[in-house]
1. Test residue 110 against the stated conditions and say whether it is of a type outside the set (A, V, I, L, M), in a helix (DSSP H, G or I) and surrounded by 18 or more Cβ atoms within 10 Å (Cβ to Cβ).
2. Which condition number does residue 173 fail, the rest of (1) open to solvent by less than 80 Å² (accessible area, probe 1.4 Å); (2) in a loop (DSSP other than H, G, I, E, B); (3) among the polar types (S, T, N, Q) being met?
3. Considering every residue within region 490-497, establish whether at least one is within 30 Å of residue 274 (Cβ to Cβ) and not basic (Lys, Arg).
4. Under the condition of being under 42 Å from the mean Cα position of the chain (by Cα) and buried (at least 17 other Cβ atoms within 10 Å of the Cβ), which residue from region 188-200 is nearest to residue 120 (Cα to Cα)?
5. Could you check region 467-488 and list, in sequence order, the residues that are surrounded by 15 or more Cβ atoms within 10 Å (Cβ to Cβ) and either of a type in the set (A, V, I, L, M, F, W, C) or touching a Pro at 6+ places or on another chain (Cβ under 8 Å) (or both)?
6. Quick test for you: out of 240, 162, pick the one residue that is open to solvent by 50 Å² or more (accessible area, probe 1.4 Å), among the aromatic types (Phe, Trp, Tyr) and under 24 Å from the mean Cα position of the chain (by Cα).
Amino acid sequence: MSSEDDMHDANDLESIDDDFYSGDTGIGSDDGDGDYDFVDNESDASDDIISRQQLNYIVLGEADIRQRQEEDINRVSAVLSLSRVAACILLRHYNWSVSRVNDEWFADEENVRRVVGLLEKPIELPNARELTCGICFENYPRDRISSAACGHPFCHACWRGYIGTSISDGPGSLSLRCPDPSCNAAVGQDMVNLLATDDDKEKYSRYLLRSYIEDNRKTKWCPAPGCDYAVEFIMGSGSYDVCCNCTYGFCWNCTEEAHRPVDCSTVATWILKNSAESENMNWILANSKPCPKCKRPIEKNQGCMHITCTPPCKFEFCWLCLGAWSDHGERTGGFYACNRYEAAKQEGAYDESERRREMAKNSLERYTHYYERWATNQSSRQKALADLHSMQSEKLEKLSDRQSQPESQLKFITEAWLQIVECRRVLKWTYAYGYYLPEHEHAKRQFFEYLQGEAESGLERLHQCAEKELQVYLEAESPSKDFNDFRTKLAGLTSVTRNYFENLVRALETGLQDVEATDHQATCSRTSSSKPIIVGKGKGGKTKLAGSGSRSGGPSHSLDDTNLWSCDRCTYANVKSTNICQMCQQRRS
């Protein structure tokens, strides 16, 4: 394909979705005189994000879990006219699903009682002064004998040992049955509280609490080390990404680190690849050759082609043709060449081995390319998290003093850092997405790389502004006159970057369907030869890519039949009522 065709393809791909950049960036309007309050828009956008997150999941502390558990037990107890202990046993058996308990109970109460071990009419202990324990067969006064609803008598010491052993074995003690081998009667928490030791009571209570989360398909524990919060998720509500109160973000579906826009199966494959031995074998294949005698892999670490294997082998051979060095010398090309190898290669003798080695090398280089960028963004995100915590704990107070601004007016800085942390996470996983994007889908790959590049460029501008430009105001001895300009710039970059990444995530989550839908049109259309211009938001509420026509010369490019002007620096199409580019803050010339 010619370079001209390549250029046309790139232009086609960049302009295939006119409405792709639609959405509220919070920075453009046809009304007004060019003065924009970024702080208010940014705050509104932040509130919208929080409200969306709160709609599809709820973070639960221990008190919340206990309250919900008690409410479910009381509800079942009231509806089925059962004791709270019996209601708890039923809920445990049906994984804490109140609706399922009701359905099963009213469908076949007798079968449910038999399966769960709830007797309809409890059997009382015989009214005698002494009773014989069914385990140790000793006689005890009646007040030292207890039984479940089945009436089988056991002494308190045997009960304590039986319950203690069961609790020591783990959460299976929640399904405790009567010690009599022939009996299926359930043993509830009331018996445990009456007969078990204090330590066993505490363990049983913890098992019961954890059971409410672990056996319930709507709830999961936060996987962060040492975190005691759980998350209740509303099924079918969109993204699986949740953020715990401990600040750890994870995917509710697979409990790995939050990974939008990459699906769970891709994440599992990527993590497995990063930890698997396959890449070690690829490296060995690409960078070493086996000794012709002992077959151990050898990496050449010097320029000479004369290789000596390590003891006890000590075989000397030629690195190129793998022949014995004794057959080599000046007549075969000397120390740095091998005409035997060149002749054999021309005859095709080394084609297969060289092909395999070259494939392994290319595969390794491709994997390294994506992994290094994945890891780099991960480390950048960790650094951004540390900077965010430092900003919240120390620097905001310092900045408030230096610039004579209340901390409530510095919220835009925290929001910028939160956006940086989130964008670093998204950008990190786009490299895993790119690695598994099929090589033959050239249109999708080019469109993906364009979106990724635009998002990354926007993030770098935001990160630099929040990290380096902010430092000037932190070190200032007195309030700076242009601090409000900095506020406007940082809030604007935050909003623009958020919009870029929302578009990127949306495109990847739909499998870049916009490329498929317009692939035929993009292939047939060769009329556009200029890079698409990002058009600002107008009254219609849409942001578009304009890719037609060449730009006229001059410092301020005009767009025909529109109320827009194109930025000299970044080509962003701004509404005419503004004098500063809403993308890069360049003043209109």
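The values are calculated or read from the model by the stated rules, or taken from the named source; none is laboratory data. The structure displayed is predicted, hence computed values, not measured ones. Glycine also receives a Cβ, built like all others from the backbone with ideal geometry; neighbour counts cover every protein chain displayed. Accessible surface areas use protein heavy atoms only, side chains included; no ligands, DNA or RNA. Shrake-Rupley method; radii C 1.70, N 1.55, O 1.52, S 1.80 Å.
1. Numbers: of a type outside the set (A, V, I, L, M): yes; in a helix (DSSP H, G or I): yes; surrounded by 18 or more Cβ atoms within 10 Å (Cβ to Cβ): no.
The answer is no for residue 110.
2. Unmet condition: (2).
3. Filtering region 490-497 for residues within 30 Å of residue 274 (Cβ to Cβ) gives 497.
This time we only want the ones that are not basic (Lys, Arg), so: 497.
The answer is yes; a qualifying residue exists.
4. Checked region 188-200; the qualifying residue nearest to residue 120 (Cα to Cα) is 188.
5. 470, 483, 486
6. Working: 162 fails: under 24 Å from the mean Cα position of the chain (by Cα).
The match here is 240.
Okay, residues lined up against (1) open to solvent by less than 10 Å² (accessible area, probe 1.4 Å); (2) touching a strand residue (DSSP E or B) at 6+ places or on another chain (Cβ under 9 Å); (3) in a helix (DSSP H, G or I):
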{"position": "361", "(1), (2), (3)": "no, no, yes"}
{"position": "365", "(1), (2), (3)": "no, no, yes"}
{"position": "386", "(1), (2), (3)": "no, no, yes"}
{"position": "393", "(1), (2), (3)": "no, no, yes"}
{"position": "401", "(1), (2), (3)": "no, no, yes"}
{"position": "411", "(1), (2), (3)": "no, no, yes"}
{"position": "439", "(1), (2), (3)": "no, no, no"}
{"position": "447", "(1), (2), (3)": "yes, no, yes"}
{"position": "465", "(1), (2), (3)": "yes, no, yes"}
